[in-house]
């Protein structure tokens, strides 16, 4: 499994993209509201996955998506089962009609120390299973990078330029038409 160490790694992974997927908004929210990196580089939980806060629930790793651990895994991000995530995370949710509810964060949580041991991002491959080829471990360095950015900066640095590619395509078409018309 690949670990994402930087914003450019995250952008290259295409996690949470294209819209209406909610993964990038979910990850920004998580980095700002659910975890704090202490001076010893430990990931201290700011929310309690065990009590179901923000829709967290147990993830049993039955298919072996994630490494084996003695700590329980918890999943967050299912927009069908929560109304407590911020509006900027849920605003594009359309129900079952598209990919707006594809992305998840999965954490291993040590309740004795109130710490996350590992943090992963993934996406559904179908309505039940997660996609092993699009599951990534999030490094502490990346979390700290995200914490240092406001929401707009984060989205600007991590979104792939899909709109720019469409604009470029349209400009090329117009240039070709212009050349054809000039020859007549």
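The values are calculated or read from the model by the stated rules, or taken from the named source; none is laboratory data. Bear in mind that the values here come from a model prediction, so they are computed numbers and not experimental data. Cβ coordinates were reconstructed from backbone atoms using ideal geometry, including for glycine residues, and neighbour counts include every protein chain displayed.
Could you tell me how many of the residues in segment 32-57 are touching a helix residue (DSSP H, G or I) at 6+ places or on another chain (Cβ under 7 Å) and part of a helix (DSSP H, G or I)?
Of the residues in segment 32-57, the ones touching a helix residue (DSSP H, G or I) at 6+ places or on another chain (Cβ under 7 Å) are 32, 35, 37, 41, 43, 46-47, 56.
Of the ones still in play, those that are also part of a helix (DSSP H, G or I) are 32.
Adding up the residues that qualify gives 1.
Results for (1) out of contact with any helix residue (DSSP H, G or I) (no Cβ under 9 Å at 6 or more places or on another chain); (2) at pLDDT below 80; (3) in a helix (DSSP H, G or I), shown as yes or no for each residue.
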| site | (1), (2), (3) |
| --- | --- |
| 120 | yes, no, no |
| 149 | no, no, no |
| 155 | no, no, yes |
| 163 | yes, yes, yes |
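Name the residue that is surrounded by the fewest Cβ atoms within 10 Å (Cβ to Cβ), counting only residues in segment 68-82 that are in a loop (DSSP other than H, G, I, E, B) and within 18 Å of the chain's Cα centre (by Cα). Write out each step before concluding.
Narrowing segment 68-82 to residues in a loop (DSSP other than H, G, I, E, B): 68-72, 77-82.
If we keep only those that are within 18 Å of the chain's Cα centre (by Cα) as well, we get 77-82.
On the way: 77: 28, 78: 15, 79: 20, 80: 9, 81: 11, 82: 17.
Applying the filter and picking the extreme gives 80.
How many residues does segment 3-43 hold that are surrounded by fewer than 14 Cβ atoms within 10 Å (Cβ to Cβ) and under 13 Å from residue 118 (Cα atoms)?
Here the count works out to 2.
Considering each residue of segment 112-138, count those that are closer than 23 Å to residue 5 by Cα and either surrounded by fewer than 16 Cβ atoms within 10 Å (Cβ to Cβ) or free of Cβ contacts under 8 Å to residues at least 12 places away in the same chain (or both), and give that number. Spell out how you get there, then give the answer.
Here is the first cut: in segment 112-138, the ones closer than 23 Å to residue 5 by Cα are 115-124, 130-138.
Filter again for either surrounded by fewer than 16 Cβ atoms within 10 Å (Cβ to Cβ) or free of Cβ contacts under 8 Å to residues at least 12 places away in the same chain (or both), leaving 117, 131-133.
So the answer is 4.
Just checking, which of 65, 85 is under 28 Å from residue 19 (Cα atoms), touching a strand residue (DSSP E or B) at 6+ places or on another chain (Cβ under 6 Å) and outside any strand (DSSP E or B)? Walk me through it before giving the result.
On the way: 85 fails: touching a strand residue (DSSP E or B) at 6+ places or on another chain (Cβ under 6 Å).
It is 65.
Confirm whether residue 58 is closer than 20 Å to residue 160 by Cβ, surrounded by fewer than 17 Cβ atoms within 10 Å (Cβ to Cβ) and touching a strand residue (DSSP E or B) at 6+ places or on another chain (Cβ under 7 Å). Quick ask: steps written out before the conclusion?
Values: closer than 20 Å to residue 160 by Cβ: no; surrounded by fewer than 17 Cβ atoms within 10 Å (Cβ to Cβ): yes; touching a strand residue (DSSP E or B) at 6+ places or on another chain (Cβ under 7 Å): yes.
Taking the combined requirement at face value, the residue does not satisfy it.
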